[in-house]
């Protein structure tokens, strides 16, 4: 259970000589199968440097490279050296033949405090983090020991696509992160970590459901990002609160240590990965950048997803409440309503004039007899007494004051206005784009076919070179290049080779006509490490006519077929493969006039018009049904060619 005393072969690739260096560009290395079956690491460095899939300049080698086994930088169980040299392992994970190179194992460094390093550069590859065995002979528990990366270099964006599958309960510690890296936590029945409980019982609501270890970043370069994905067969996303809980549990797996010291360079996101045409649930850890700036805990730098509180949102709404405040003004004018009560008060005044009625009694004094009849006059005074009763009804006039009081009730409905603000709050759950990565990959394949056909058919190569003096007859040419397309969620890059050949001859009335066959083959890259193999074949006819006065017209038509065998991948690398084929034809016309100058120089204005029909087709990719509509395209070109004639050849720019 420990290394042989001769110290000759402690690993499949061993660097032990002082200041020695080993370079491995590619290959398939697996120490988990016979005759190895561990206890050896796949690579071990002590006082030496080992480059695996990368060179000293940091260039990733895009050759077939698959490595199964742990890598180790250590001095444990090693004989002492008089001088301690740097012990370094550099790993580059790129792509080969449109497939990601892969490293499965742990990266253990016990010499971090002595200058030992394990550095990892991603350029389309993936790392499956799990113990492959072989560290026990160094008296290291491979199942519990964390992996330590000194410098981890990711890709320019999260769609680069570089990914780490956290398949171990042990942590991954990164001293310095530069770029973007995707970290996947898989809770599926078959592929996930299912030691605590089976995948069938993992709905993501229990933090213990995500058994993978933490992903810890000490420091980061500006603009770097970590992007966490969780996937599983039984995730409970039936409600917004459940989605929030799952994403918060996932966010807790990430740490940014230097956040505690004031560093603010690392952003991050958490997401429930998409499935086919089912969109992802994406959550930004913070709110600033497109993916969201990270808001880490001040105490320990741990990440979390916090649902935005509804309270801060309605703060602007008090503005509409402010105009309601002046409504008391209408309440103020109600106060003068007592004034109408005041005029009612003077109603006693008419009682007062009744009082002077005794005055007429005074002249009656000489008529004592009429005084008696005057006595009954108080009876009319009695009816005057009830006049105050109309004063009593005045009292209820104050009731209209009471109804004024409820006018504040319109203020009350202003208060519930925050309720419409409440629905704004639950939008923290951002449903991923309906156009999922798998769908984007499929669309990329269709667009790749269209671009391949246009590259093949829109060139009008042969009429142009005949115009420039190329002799007629049998001809052929081989060329290649690159083209790309970006837009509407599609990002493709294609390297292609094109082969063309044919025969032409001059006929009557100034015409030169011919026929040709063309073939194009290309390799395409799509988002999230998707890929395609595009092929296009066509047959066609062409002609050119000299119109006199250094004017000409070119005509070309082609008909053919284009196909694409592709693989679309989602955020965590899950693949959907298929093929799409379409028939197509094109017709093009070009007109130009040559302006000749001394010493063979010329200027040639040109105008070109092309029409292309690209046929539609229905096809299936896994469980996704695709209805591809036909496309008709008309394009025009106006250009200027500048050149110089050299005998039968010429040099030009267009």
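Couple of notes before you dig in:
- Any hit, the range 491-509, residues being assigned to a strand (DSSP E or B), out of contact with any strand residue (DSSP E or B) (no Cβ under 7 Å at 6 or more places or on another chain), under 30 Å from residue 444 (Cβ atoms) and at pLDDT below 95: yes
- From the list 292, 276, 299, the lone residue that is at positive phi and either at pLDDT 60 or above or out of contact with any strand residue (DSSP E or B) (no Cβ under 7 Å at 6 or more places or on another chain) (or both) is 276.
- Test: residue 233 is within 28 Å of residue 258 (Cα to Cα) and either assigned by TED's automatic domain parsing to the domain that holds residue 144 or touching a strand residue (DSSP E or B) at 6+ places or on another chain (Cβ under 8 Å) (or both): no
- Being surrounded by fewer than 16 Cβ atoms within 10 Å (Cβ to Cβ), closer than 15 Å to residue 44 by Cα and either assigned by TED's automatic domain parsing to the domain that holds residue 45 or in contact (Cβ under 8 Å) with a residue 40 or more places away in the chain (or both) holds for only one residue in 106, 143, 139, and it is 139.
- Search result, residues across the range 442-480 that are out of contact with any strand residue (DSSP E or B) (no Cβ under 7 Å at 6 or more places or on another chain) and part of a loop (DSSP other than H, G, I, E, B): 459, 469, 470, 471
- Residues being in contact (Cβ under 8 Å) with a residue 40 or more places away in the chain and surrounded by fewer than 20 Cβ atoms within 10 Å (Cβ to Cβ) - total across the range 50-67: 2
- Among the conditions (1) surrounded by fewer than 17 Cβ atoms within 10 Å (Cβ to Cβ); (2) in a loop (DSSP other than H, G, I, E, B), residue 113 misses just one, which is (2).
- Of the listed requirements (1) surrounded by 13 or more Cβ atoms within 10 Å (Cβ to Cβ); (2) farther than 22 Å from residue 441 by Cα, residue 651 misses just one: (1).
- Some residue of the range 589-612 being closer than 18 Å to residue 534 by Cβ, free of Cβ contacts under 8 Å to residues at least 40 places away in the same chain and not in a strand (DSSP E or B): no
- Out of 196, 133, one residue alone is out of contact with any strand residue (DSSP E or B) (no Cβ under 7 Å at 6 or more places or on another chain) and in contact (Cβ under 8 Å) with a residue 60 or more places away in the chain. It is 133.
- Each residue in the range 520-543 was checked for being in contact (Cβ under 8 Å) with a residue 60 or more places away in the chain and farther than 30 Å from residue 93 by Cα, and 5 of them qualify.
- Residue in the range 539-570 that is surrounded by the most Cβ atoms within 10 Å (Cβ to Cβ), counting only those that are under 30 Å from residue 624 (Cβ atoms) and in contact with a helix residue (DSSP H, G or I) (Cβ under 6 Å, 6 or more places away or on another chain): 568
The values are calculated or read from the model by the stated rules, or taken from the named source; none is laboratory data. This one's a predicted model, so the numbers in the text were calculated from it and none came from an experiment. Cβ atoms come from the backbone with ideal geometry, glycine included; neighbour counts cover every protein chain shown.
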